[in-house]
Amino acid sequence: MGEFVRVAVDVEPYHLDRPFDYAIPEGAAVGVGHEVRVSFSGRRRNGWVVDVTDEPHTDVARIKTLLDVRGSRPRFDTDDLRLYRWVAGRWGGTLASVLRHAFPRRVAAVDATVDGWGAPPTVTPAASPPCPSQAWRAYHGAPLLQAASATTPPDEPAPAFWLRPLPGDDLTTLIGDLVARCLAAGRGALVLVPNPQSPVPDACLALAGAAGADLRGARTDRTRYRAFLRGRTGHARVTVGERAGAFGPVADLGLIVVVDEANPAYKERRSPRHHARDVALARGRLAAATTVLTGALPSAAVWRLIERGDVTPIDAPRAQVRARAPRVDIVDPQQHQTVRSRLSGPADDAVRAAIGAGGAAVVLVARRGDGTVLACRRCGLRASCPVCDSSLAPAGARRRRCATCGWEGATTACRACAGEQFAPLAAGTTRWATELDRAYPAAEVVAMEGFDAPGPQRRPAIAVMTRGSVVRHPHWLGDDRAQVLVLPDADGLLARPRFDAAEDLLRLCLSVVWARRLIIQTRQPTDPALQALVRWDAEGFWRGEVTRRGALGYPPARVLVHLEAPATIAEQVAGDVAKALPDGDQVSGPDLGGRLVVKSTDPRGTLSSLDPLRRRWSSDDCRIVVDVDPVPALDRSS
């Protein structure tokens, strides 16, 4: 046992990202992973022990003694520390910031009960794994089923898979089979979901029984900390959680499952802005555990791994996929106009047929409320401000207002066609619900905003939903399916100022397998994403999209690194960054907000080149925010 410890002190500045030496108090039991209290720059701070040594790096005369050891149980071990350091390096953060994210809040009263838990139960592997459900017959899934119950040899890479469920298949059942086979082999499982409404965690916890641990954020601090310690002590064999659950402890980890891997909820909002999917893949490699990613359309990062052969896709034959997929109709609203509503003629007919049959129809819109940005009903030209040319929004009876410069004035005719009827270019749920209620009086029309919004209570029904309420099979449908789902503003979603707008739209539509028919209203029927939707062909979309993005330097061809500097020094920061970057990297910006974009071929090399600059900025108290693999934020109004 050494006399000194090296501590990662919980401080923010990047130039202080190194362990500091402290002396161990006489009689104290402390080792790697213990949380401690230290004196740092005259203040009491938390820290974590990352090494124990007899040879400190600091002059012994200057070394202070630990103030306190917080709890008798370590939060992590040396294997975990490898993962934390990898995360800090991959996303350009400090080790202390990763450790801050990795554990739930400590509750001293729970610490006091751990000694009474006794030793964890002995695990005896079953003679053979349980038989999977019949649903697996439709997949080429033998390699995945075998990997879920096997131990990876030391000289082989841990297997990773991407699983796309067939339309109509129950993902909870498929994941339950994998977890059951892992448990039967005597190993533990970690299951991550993007939101607490997913039924997958509860099903997995039911399989584990008393050996389950729930790290979901909706639980209390006491419950989450107890679940964390049960995993750390080996009492839990199945741990479930959301984004932060990627660090959840599991004894003898053999399986990691990430449900809906492309969901933006997996992206951390605090520094370092890691992605739980990539943390799970790295953890699988380090622990020799099988990693399974699920989704309707692989993310750019996963597609890159599939192309390289690092991730194996598990999918059903194309014929079965097409047979089960909803019918998709692409409709140009200009060619099928109707005076009864904003819906095109085919969409109007389909909604009326659903109502006539006593069923349910869904209108999926882009935003909440009434909607903004006025456009001519006749030609579609947006109404623009006479001062700054920005888009105009309604400002009361026959008046318009510009949110950019504040101009306000009376309604005028369209400058292109002299039309006098204007409507929001992308109407919100409130406006849609009002118009649909007037157009279809026989149906109950309900505007739903958010995943927990109450839906229609009777049939026939029309639900006006935002994408935020489409997180899974809508609860208000029960075991039934919607007769039709109409996406009336596909062009608005395709035209968003983000490089992955088409990918995001396609992923949304491929997830809506609980409708029998999809009607997409668009003036761009030949768009590659919409054509891939008609064919229900995720792979075909990516083969074309990779070429387009490669020419522009976007993922998966390159990795994006965003830097955000104070606007007053952004130009100077941009010049310093351009000089420091390795050959092959491209930098653009800054924009008016001080944001720079680096298109990197090697993110670790890019961050290494920027490290001296970042330490200088930090010591000068200049805050530069770094975000590797940024995830475009969804419209907050959706």
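The values are calculated or read from the model by the stated rules, or taken from the named source; none is laboratory data. Keep in mind that this is a model prediction, so the values were computed, not measured. Here the Cβ is made from the backbone with ideal geometry for all residues, glycine too, and neighbour counts use every protein chain on show.
Taking segment 602-633 on its own, how many of its residues are assigned to a loop (DSSP other than H, G, I, E, B) and within 25 Å of residue 557 (Cβ to Cβ)?
Total satisfying the criteria: 6.
Whether any residue in segment 561-574 is touching a Ser or Thr at 6+ places or on another chain (Cβ under 9 Å), among the charged types (D, E, K, R) and in a strand (DSSP E or B) is what I want to check.
no
Condition first: within 24 Å of residue 463 (Cβ to Cβ), surrounded by 16 or more Cβ atoms within 10 Å (Cβ to Cβ), of a type in the set (A, V, I, L, M) and modelled with pLDDT of 85 or more. Can you find one or more residues in segment 419-435 that meet it?
Checking segment 419-435: at least one residue is within 24 Å of residue 463 (Cβ to Cβ), surrounded by 16 or more Cβ atoms within 10 Å (Cβ to Cβ), of a type in the set (A, V, I, L, M) and modelled with pLDDT of 85 or more.
Take the residues in segment 579-615 that are closer than 23 Å to residue 94 by Cβ and hydroxyl-bearing (Ser, Thr, Tyr), then tell me which one is nearest to the chain's Cα centre (by Cα).
600
Checking the condition surrounded by 18 or more Cβ atoms within 10 Å (Cβ to Cβ), within 14 Å of residue 291 (Cα to Cα) and not assigned by TED's automatic domain parsing to the domain that holds residue 473, which residue from 167, 159 passes? If you could, list the steps in order and put the result at the bottom.
Working: 167 fails: within 14 Å of residue 291 (Cα to Cα).
Criteria check complete, one pass: 159.
Could you tell me whether any residue of segment 540-559 is surrounded by 14 or more Cβ atoms within 10 Å (Cβ to Cβ), acidic (Asp, Glu) and outside the structural domain of residue 615 (by TED's automatic domain parsing)?
The answer is yes; a qualifying residue exists.
Across segment 296-326, what is the number of residues that are part of a loop (DSSP other than H, G, I, E, B) and either of a type in the set (A, V, I, L, M, F, W, C) or in contact with a strand residue (DSSP E or B) (Cβ under 7 Å, 6 or more places away or on another chain) (or both)? Quick ask: steps written out before the conclusion?
Taking segment 296-326 and keeping what is part of a loop (DSSP other than H, G, I, E, B), we get 296-299, 309-311, 315-317, 325-326.
Adding the requirement that they be either of a type in the set (A, V, I, L, M, F, W, C) or in contact with a strand residue (DSSP E or B) (Cβ under 7 Å, 6 or more places away or on another chain) (or both) leaves 296-298, 310-311, 316, 325-326.
Residues that pass the stated criteria total 8.
Does any residue of segment 39-52 turn out to be touching a His at 6+ places or on another chain (Cβ under 6 Å) and closer than 18 Å to residue 101 by Cα?
Yes, segment 39-52 contains at least one residue that is touching a His at 6+ places or on another chain (Cβ under 6 Å) and closer than 18 Å to residue 101 by Cα.
Filter segment 476-502 down to residues that are in a helix (DSSP H, G or I) and closer than 15 Å to residue 466 by Cβ and give me whichever is modelled with the lowest pLDDT.
Top of the filtered list is 492.
Can you tell which of 609, 618, 600, 588 is surrounded by 16 or more Cβ atoms within 10 Å (Cβ to Cβ) and in contact with a strand residue (DSSP E or B) (Cβ under 9 Å, 6 or more places away or on another chain)?
Only one candidate passes the filter, namely 600.
So which residues in segment 596-623 are basic (Lys, Arg), at pLDDT 95 or above and out of contact with any Phe, Trp or Tyr (no Cβ under 8 Å at 6 or more places or on another chain)?
Across segment 596-623, the qualifying residue is only 616.
Between residues in segment 551-579 that are at negative phi and of a type in the set (Lys, Arg) and residues that are part of a loop (DSSP other than H, G, I, E, B) and surrounded by fewer than 18 Cβ atoms within 10 Å (Cβ to Cβ), which pairs lie under 7 Å by C-beta distance while being six or more apart or on different chains?
558/601
So, of the residues in segment 475-534 that are basic (Lys, Arg) and closer than 15 Å to residue 329 by Cα, which turns out to be surrounded by the most Cβ atoms within 10 Å (Cβ to Cβ)?
517
Mind checking which pairs have a first residue in segment 307-332 that is touching a residue at least 40 places away in the same chain (Cβ under 8 Å) and within 20 Å of residue 161 (Cα to Cα) and a second that is in a strand (DSSP E or B) and of a type outside the set (Phe, Trp, Tyr), Cβ under 6 Å, 6 or more apart or different chains?
Every condition considered, the pairs that remain are 311/160; 314/163.
Tell me, which residue of segment 557-578 that is among the hydrophobic types (A, V, I, L, M, F, W, C) and over 22 Å from the mean Cα position of the chain (by Cα) is modelled with the lowest pLDDT?
567
Tell me, which residue of segment 207-226 that is surrounded by fewer than 16 Cβ atoms within 10 Å (Cβ to Cβ) and outside any helix (DSSP H, G or I) is farthest from the chain's Cα centre (by Cα)?
Checking each candidate, the answer is 220.
Regarding segment 445-452, can at least one residue be identified that is closer than 28 Å to residue 324 by Cα, crowded, with 19+ Cβ neighbours inside 10 Å and either at pLDDT 80 or above or of a type in the set (S, T, N, Q) (or both)?
yes
Filter segment 232-273 down to the residues that are surrounded by fewer than 24 Cβ atoms within 10 Å (Cβ to Cβ), assigned to a helix (DSSP H, G or I) and not β-branched (Val, Ile, Thr) and list them by number.
232, 243, 244, 264, 265
Give me the residue from segment 5-23 that is under 19 Å from residue 102 (Cβ atoms) and acidic (Asp, Glu) and, out of that set, modelled with the lowest pLDDT.
This residue is 12.
Given the conditions (1) buried (at least 24 other Cβ atoms within 10 Å of the Cβ); (2) within 30 Å of residue 438 (Cα to Cα), which single one is not true for residue 289?
Condition (2) is where residue 289 drops out.
Suppose we filter 191, 200 for residues that are without any contact (Cβ under 8 Å) to a residue 60 or more places away in the chain, of a type in the set (Val, Ile, Thr) and either surrounded by 21 or more Cβ atoms within 10 Å (Cβ to Cβ) or more than 16 Å from residue 314 (Cα to Cα) (or both); which single one remains?
The match here is 200.
Search segment 150-168 for residues being without any contact (Cβ under 8 Å) to a residue 40 or more places away in the chain and charged (D, E, K, R), and hand back the single one that is farthest from residue 255 (Cα to Cα).
The residue in question is 155.
Need at least 2 residues that are within 30 Å of residue 629 (Cα to Cα) and touching a residue at least 12 places away in the same chain (Cβ under 8 Å) per element, so show me which strands (runs of 3 or more DSSP E) inside segment 1-112 make the cut, counting only ones lying wholly within it.
4-9, 43-53
Cβ contacts < 8 Å: first residue in the same structural domain as residue 483 (by TED's automatic domain parsing) and within 15 Å of residue 359 (Cβ to Cβ), restricted to segment 431-457; second residue of a type in the set (D, E, K, R) and assigned to a strand (DSSP E or B), any location; separation 6+ or different chain. Result?
Note: pairs meeting the criteria are 456/444; 457/444.
All but one of (1) within 22 Å of residue 539 (Cβ to Cβ); (2) touching a Phe, Trp or Tyr at 6+ places or on another chain (Cβ under 6 Å); (3) not β-branched (Val, Ile, Thr) hold for residue 143; state the number of the condition that does not hold.
(2)
Which of (1) within 30 Å of residue 519 (Cβ to Cβ); (2) in contact with a Lys or Arg (Cβ under 9 Å, 6 or more places away or on another chain); (3) surrounded by fewer than 24 Cβ atoms within 10 Å (Cβ to Cβ) is the odd one out, the single condition residue 317 does not satisfy?
(2)
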